[in-house]
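Engineer: One structure, as structure tokens, below. Some questions next.
The values are calculated or read from the model by the stated rules, or taken from the named source; none is laboratory data. Keep in mind it's a predicted model, so treat the numbers as computed, not measured. As a convention, Cβ positions derive from the backbone with ideal geometry for all residues, glycine included, and neighbour counts pool all protein chains shown.
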Amino acid sequence: MCGIFGYLNYLVKRDRRFIADILINGLHRLEYRGYDSSGIAFDGDNVNENSNSERTCILVRQKGKVEELEHAVKILSGINWEGEYTVHVGIAHTRWATHGEPNAVNSHPQRSDDLNQFVCVHNGIITNYKDIKQYL
């Protein structure tokens, strides 16, 4: 079992701190669905100064309750928390470990690669993960 929460804002200015707080608050409300680990993913800074569309992805995952994740997010360094977005999507996840031990590696969101080209969350055990990995 797990808790999945998403946040989308469209044509409404929100700063990165507000977005992270919304995601964390959503997880606090869903924590009863999983308390072994939690994580969030949200927009980072632009890849380069000339691009408004290509952004990095900030991914934070933590073993333990949402409170542990909240602390890990608060102490992140090198983040411009005042950065504003008019369009943004973020995802958040709490995990109840039914397959694999509770740790940061097994927590969600899961990422495609070191560049975080895409991140995802899911509920349950993906039995055909090898086929999906090969396809992607």
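Engineer: Taking region 112-136 as the region of interest, how many residues are loosely packed, with under 12 Cβ neighbours inside 10 Å and either assigned to a strand (DSSP E or B) or among the charged types (D, E, K, R) (or both)? It would help to see each step written out before you state the result.
Structural biologist: Let us first name the residues in region 112-136 that are loosely packed, with under 12 Cβ neighbours inside 10 Å, namely 113-115, 117, 124-125, 127-136.
Checking which are either assigned to a strand (DSSP E or B) or among the charged types (D, E, K, R) (or both) leaves us with 113-114, 130-131, 133.
Going through region 112-136 one residue at a time, the tally reaches 5.
Engineer: Need at least 1 residues that are among the small types (Gly, Ala, Ser) and over 18 Å from Val121 (Cα atoms) per element, so show me which strands (runs of 3 or more DSSP E) inside region 1-111 make the cut, counting only ones lying wholly within it. Give the steps one after another, and end with the answer.
Structural biologist: Working: elements: 2-15, 37-46, 55-63, 84-95.
The strands (runs of 3 or more DSSP E) meeting that bar are 37-46.
Engineer: Given the criteria out of contact with any helix residue (DSSP H, G or I) (no Cβ under 6 Å at 6 or more places or on another chain) and more than 16 Å from Ile19 (Cβ to Cβ), does Gln62 qualify?
Structural biologist: It is false that Gln62 is out of contact with any helix residue (DSSP H, G or I) (no Cβ under 6 Å at 6 or more places or on another chain) and more than 16 Å from Ile19 (Cβ to Cβ).
Engineer: Moving on to the next point. What single numbered condition from (1) modelled with pLDDT of 90 or more; (2) surrounded by fewer than 14 Cβ atoms within 10 Å (Cβ to Cβ); (3) within 30 Å of Thr98 (Cα to Cα) fails to hold for Met1?
Structural biologist: Going through (1) modelled with pLDDT of 90 or more; (2) surrounded by fewer than 14 Cβ atoms within 10 Å (Cβ to Cβ); (3) within 30 Å of Thr98 (Cα to Cα) one by one, Met1 breaks only (1).
Yes/no per residue for (1) surrounded by fewer than 22 Cβ atoms within 10 Å (Cβ to Cβ); (2) of a type outside the set (A, V, I, L, M); (3) at positive phi:
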site: Asn9; (1), (2), (3): yes, yes, no
site: Val12; (1), (2), (3): yes, no, no
site: Ile19; (1), (2), (3): no, no, no
site: Ile24; (1), (2), (3): yes, no, no
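Engineer: Next question. Which is surrounded by 14 or more Cβ atoms within 10 Å (Cβ to Cβ) and either closer than 13 Å to Cys2 by Cα or touching a strand residue (DSSP E or B) at 6+ places or on another chain (Cβ under 8 Å) (or both), of His93, His99? Steps first, please.
Structural biologist: Working: His99 fails: surrounded by 14 or more Cβ atoms within 10 Å (Cβ to Cβ).
So the residue among His93, His99 that is surrounded by 14 or more Cβ atoms within 10 Å (Cβ to Cβ) and either closer than 13 Å to Cys2 by Cα or touching a strand residue (DSSP E or B) at 6+ places or on another chain (Cβ under 8 Å) (or both) is His93.
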